[in-house]
Amino acid sequence: MKLQAILLSVLLGLALAGCSTVDSRIREKAAVFNQLSPADQARIRQGIIAVGFTPDMVYMALGNPTEIRLHTIAAGQETLWIYSTYYDRYEGTVHAGYRRWVYYDPRIRAYRVYYEPVYGQVYSEQKENVFRITFLNGRVTAIEETK
C-alpha cells in the first residue's frame, strides 16, 4: 500500500513537471517579469501579447512555439514563431473487413461459420496555426491570429 502511494506521488510529480503554465514560466523568467510595467505583467498573466513585446515576454504569456522560422530581410533578421493546435477530424465510416464467428447449431448438430461485417471510424489529424508572431530586432512587429 505504501509502495503504491510512493509510485503515485512520483508519477504525479513527473506529470506536473512536464506541464508549462503561465505561472511556471513567470517563475522561470522572474528577473525579466519583475522589471515589466504592471500593465504588461497583467497582460502576460492573462496570456495576452502585444506589439513591442520581447521573445521572453511572449514565451511567458504563450509558452514555447510549435515552430520557429528565420527570415533574412533588408532590415535584419526576422523571426517567426508559429503556435499550432492539433485535432482529429472525423472523416466517416469505412468497411474494414469481416469478423468470423464459429458457433454450434444444435438444430443441425454441426458447427456453422458466420461472417459479420466490421466497420471502422476514420479520423485524420489536422494542424491549425493559431498564432504567427513576427519578431524584428528582438521585438514583436506583427501578430497574426486565426479567428
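The values are calculated or read from the model by the stated rules, or taken from the named source; none is laboratory data. Just so you know, these numbers come straight off a predicted model, no measurement behind them. Counting neighbours? That spans all protein chains shown, and the Cβs are built from the backbone with ideal geometry, glycine included. Accessible surface areas use protein heavy atoms only, side chains included; no ligands, DNA or RNA. Shrake-Rupley method; radii C 1.70, N 1.55, O 1.52, S 1.80 Å.
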How large is Rg/Rh for the range 88-147, to two decimals, with Cα atoms and a Kirkwood Rh?
-> 1.59
Probe 1.4 Å, accessible area per residue of the chain, Å² = 73
FRET efficiency, 1/(1 + (r/R0)^6) with R0 22 Å, evaluated for T93 and V113 via beta carbons | 0.30
